[in-house]
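Trainee: I have a structure here, written as structure tokens, and I will follow up with some questions on it.
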Amino acid sequence: MAKYSTGGVGGDSSGACELCGAEDRSLETATVAGAELQVCSECARHGDDGGSGGSESGGDGREETNRRKKAAQNMAKLDDAQKVNSDWQEETEYEDDPLPYLVRGYGDRAEQARQDAGLQTDELAEELGVDEEDIVAVEQGRAARAGVGGSLIEALEDELGIELAEE
């Protein structure tokens, strides 16, 4: 790999740090921003391996850095996968009251029909004997996430004279 130099006369044999230019210091090989350089111990901390001294070839240090980076990425993916927010509700009886496939825009359709009937969400919920939050969830288009059952969809269709479920 080609080296980058900050100056100095005589190229690689100048005995100066290729990062800060300091002379008469003990130099070591470090990979800095992808370039393999001869640097002083103070500048070695800027290396990709954190100044742990890399090998003369630089290959082992890069391989270790890449391995650690890949391991960190895999741990992040695993952590994200464990934090998935599921729509599954523990206390909902999905098998007993499955939610049917709903038509596009079912929430707007339900809200408009309720308003046309001159009802507030709490009044409609009381008439149907359900929680107001379930009515609001349907109107906001989040029936599946809220664990609304198919029986509420049927009750809304009957009460408001609308079609919310696909045939």
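Trainee: Out of all the residues in the stretch 100-135, which are in contact with a strand residue (DSSP E or B) (Cβ under 8 Å, 6 or more places away or on another chain), open to solvent by less than 60 Å² (accessible area, probe 1.4 Å) and part of a loop (DSSP other than H, G, I, E, B)?
Mentor: Across the stretch 100-135, the qualifying residues are 100, 103.
Trainee: Please work out which residue is modelled with the highest pLDDT, limiting yourself to the stretch 136-154 and to residues that are touching a Gly at 6+ places or on another chain (Cβ under 9 Å), farther than 10 Å from residue 102 by Cβ and surrounded by fewer than 19 Cβ atoms within 10 Å (Cβ to Cβ). Reasoning before the result, please.
Mentor: Of the stretch 136-154, the ones touching a Gly at 6+ places or on another chain (Cβ under 9 Å) are 137-143.
Still in the list and also farther than 10 Å from residue 102 by Cβ: 137, 139-140, 142.
Filter once more, so that each one left must be surrounded by fewer than 19 Cβ atoms within 10 Å (Cβ to Cβ): 140, 142.
Numbers: 140: 94, 142: 91.
Here the residue is 140.
Trainee: Which one is modelled with the lowest pLDDT, of the residues in the stretch 1-33 that are charged (D, E, K, R) and open to solvent by 40 Å² or more (accessible area, probe 1.4 Å)?
Mentor: Among them, the one singled out is 12.
Trainee: Within the stretch 36-91, how many residues are open to solvent by 70 Å² or more (accessible area, probe 1.4 Å), over 29 Å from the mean Cα position of the chain (by Cα) and at pLDDT 65 or above?
Mentor: Qualifying residue count for the region: 5.
The values are calculated or read from the model by the stated rules, or taken from the named source; none is laboratory data. The structure presented is a predicted model; accordingly, all values stated were derived computationally and were not measured. All Cβ positions, even for glycine, are placed from backbone atoms using ideal geometry, and neighbour counts span all protein chains on display. The protein model used for the area step is the full one, side chains on, heavy atoms only, and it has no ligands, DNA or RNA in it. Shrake-Rupley method; radii C 1.70, N 1.55, O 1.52, S 1.80 Å.
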